[in-house]
Amino acid sequence: MSHSTPHFDYHNGVLHAETTALSTLAEVYGTPLYVYSKAALLSNFDAYASACGTRDALICYAMKANSNLAILDLLARRGAGFDIVSGGELLRVLAAGGDPGKVIFSGVGKSVADMRLALSHDILCFNVESIAELHRLNEVAGSMGKTARISLRVNPNVDAKTHPYIATGLKASKFGVAFDDALQTYRVAAALPHLAVTGIDCHIGSQLLDDAPLLAALDKLIELIDELALEGIVLHHLDIGGGLGIDYGEAGEAAPVPVDIYLGRLFRRIDQWRSARHDGVPIKVIFEPGRSIVGNVGVLLTTVEYLKKGEEKNFCIVDAAMNDLMRPALYQAWMGVHAVRPHSGETADLYDVVGPVCESGDWLAKDRILSAEAGDVLAITCAGAYGLTMASNYNTRGRAAEVIVDGDRVHLVREREQAADLFALERLIK
Ligand code: LLP
């Protein structure tokens, strides 16, 4: 279809995932339906892995992007670690057979229960975001007779003016420790008895199309690592976070820098720095990619329910809604919409693609030329990241089913939620 969704293409007038017709999947499993390509997933992961080559590097997939157990299992078997943000995500990693020794734990609000669970499984590292969290983690680890490995999430405050996509690396963000406070915070951490200071991390934002801000952040981390070494605080890993963007297909949007180019530049910079240091201390490099691993791996299939033509607007009302895919409603995100079986264009018109939810904000796409009829199946493309993981049950709508396509084989990896599932935990008062 386009170079950005390489495993989704038209054959004989029907959109396919690998060699499976999406029209067949819609018939068999119903819609809304998330469809993922196994080959696309593995090739995205392999792009990171091969750019790392034989280096001491770990790709900790940011599973908030898509945490289906089957996806985690495929990545774990490929050698992935995981970036988690809750105890629940750790339980998913374990359920999928992932190695907790390759798990890093991000997030500003880790609870005592989350810390206990993660410590009991000896995760690789806690990415700590505040002094208060350092003290809490030290206490919890001490009470369990354990030592927690920690990294500080530093906020490198890279220039947002030239890079408007950066949302989390600025001073005003709730995330991380301010760059200017980092040295002092490391001193606090190093003095706490139940913590082992092992690394440094950052995550400056998501859907970055240019790697310049990432490389600027790297320079700031390097600066801190050198300053810390002078004080005898020696770090063993550097975690640059995730954030690399994907091509959603919007006209006029710049193409994202390819993974191999970005990692090549990053490693070159690290090599120059290490060879200038001469202290022989090796440093492991950790990545936390989410969107760039799963974004273009999935589509959301939805069926056209009604066409509603008006004086000012035409609406293409589909069976998927903001509860299935929140990105347009929440961020005004642009998502591609493609007919699974395109008609010849004589009925084409301009539509907003909207769902059945009772909110004006419930739209999936605006002002698209579509030649649609009721009953047609549409594919919302690049929906593999932050799709089902952000879905809700608003309007008592069950979350969509998920399938993984492997050539012409199809695996149902999440059943569709039924209405009874949605109120099963509720009780009438006696
Ligand atoms: N590491 C940390 C600490 C993060 O907070 C995130 C994403 C990632 C890694 C992965 O970032 P990625 O490689 O996917 O850019 N729901 C939004 C995106 C939120 C990103 C949150 N943090 C969306 O749909 O665009």
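The values are calculated or read from the model by the stated rules, or taken from the named source; none is laboratory data. Nothing here was measured: the structure is a model prediction, and the numbers come from that model. No Cβ is skipped: glycine too gets one built from the backbone with ideal geometry, and neighbour counts run over all protein chains shown.
Residues that are of a type in the set (Lys, Arg): find the strands (runs of 3 or more DSSP E) completely inside region 42-157 holding 1 or more of those.
Working: elements: 57-62, 81-84, 103-105, 125-128, 148-155.
Ranges flagged: 148-155.
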**Asked** Got at least one residue in region 353-362 being within 16 Å of the ligand (Cβ to nearest atom), exposed (fewer than 15 other Cβ atoms within 10 Å of the Cβ) and in the same structural domain as Leu378 (by TED's automatic domain parsing)?
**Response** yes
**Request:** Restricting attention to region 1-35, report how many residues are closer than 23 Å to Leu209 by Cα and at pLDDT 95 or above.
**Result:** 2
**Fill in**
For region 54-98 the number of residues that are free of Cβ contacts under 8 Å to residues at least 12 places away in the same chain and either of a type in the set (Ser, Thr, Tyr) or in contact with a Cys (Cβ under 9 Å, 6 or more places away or on another chain) (or both) is 1
**Request:** Only one of these is at pLDDT 95 or above and in the same structural domain as Ala196 (by TED's automatic domain parsing): Ile123, Ile84. Name it.
**Result:** Ile123
**Message:** Any residue that is over 20 Å from Gly245 (Cβ atoms), in the same structural domain as Asp406 (by TED's automatic domain parsing), buried (at least 17 other Cβ atoms within 10 Å of the Cβ) and free of Cβ contacts under 8 Å to residues at least 24 places away in the same chain - is there at least one of those in region 25-41?
**Reply:** no
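Looking at Ala379, Ala385, Ala333, Ala372, which is the one that is crowded, with 20+ Cβ neighbours inside 10 Å, in contact with a helix residue (DSSP H, G or I) (Cβ under 7 Å, 6 or more places away or on another chain) and not in a strand (DSSP E or B)? Quick ask: steps written out before the conclusion?
Working: Ala379 fails: not in a strand (DSSP E or B); Ala333 fails: crowded, with 20+ Cβ neighbours inside 10 Å; Ala372 fails: in contact with a helix residue (DSSP H, G or I) (Cβ under 7 Å, 6 or more places away or on another chain).
Only one candidate passes the filter, namely Ala385.
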**Fill in**
Condition set closer than 22 Å to Ile59 by Cβ and free of Cβ contacts under 8 Å to residues at least 40 places away in the same chain, scope region 259-282, selection surrounded by the most Cβ atoms within 10 Å (Cβ to Cβ): answer is Arg274
**Failed item, numbered, when Pro342 is tested on (1) assigned to a helix (DSSP H, G or I); (2) surrounded by 13 or more Cβ atoms within 10 Å (Cβ to Cβ); (3) not hydroxyl-bearing (Ser, Thr, Tyr)** = (1)
**Item:** Conditions (1) within 17 Å of Thr381 (Cα to Cα); (2) in contact with a Gly (Cβ under 6 Å, 6 or more places away or on another chain): number failed by Pro32
**Value:** (2)
**Prompt:** Among (1) at pLDDT below 95; (2) within 16 Å of the ligand (Cβ to nearest atom), which single condition is Glu129 missing?
**Reply:** (1)
**Request:** Check region 146-161 and report whether any residue there is at pLDDT 95 or above, more than 22 Å from Ala62 (Cβ to Cβ) and over 21 Å from the mean Cα position of the chain (by Cα).
**Result:** yes
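Can we say Leu425 is surrounded by fewer than 19 Cβ atoms within 10 Å (Cβ to Cβ) and away from the ligand (no atom under 16 Å from the Cβ)?
Numbers: surrounded by fewer than 19 Cβ atoms within 10 Å (Cβ to Cβ): yes; away from the ligand (no atom under 16 Å from the Cβ): yes.
Criteria met by Leu425.
Tell me, which residue of region 388-411 that is among the aliphatic types (A, V, I, L, M) and within 15 Å of Thr303 (Cβ to Cβ) is surrounded by the most Cβ atoms within 10 Å (Cβ to Cβ)? Full working, then the answer.
Taking region 388-411 and keeping what is among the aliphatic types (A, V, I, L, M), we get 388, 390-391, 400-401, 403-405, 410.
When the remaining residues are screened for being within 15 Å of Thr303 (Cβ to Cβ), the result is 400-401.
On the way: Ala400: 27, Ala401: 21.
It comes out as Ala400.
If we keep just the residues of region 298-326 that are of a type outside the set (A, V, I, L, M) and in contact with a Leu (Cβ under 9 Å, 6 or more places away or on another chain), which is farthest from Ala26 (Cα to Cα)?
Here is the first cut: in region 298-326, the residues of a type outside the set (A, V, I, L, M) are 298, 302-303, 305-306, 308-316, 319, 323-324.
Add one more test, that the residue is in contact with a Leu (Cβ under 9 Å, 6 or more places away or on another chain), and what stays is 298, 302-303, 313-316, 324.
Details: Gly298: 14, Thr302: 8, Thr303: 8, Lys313: 28, Asn314: 25, Phe315: 22, Cys316: 18, Asp324: 16 Å.
Among them, the one singled out is Lys313.
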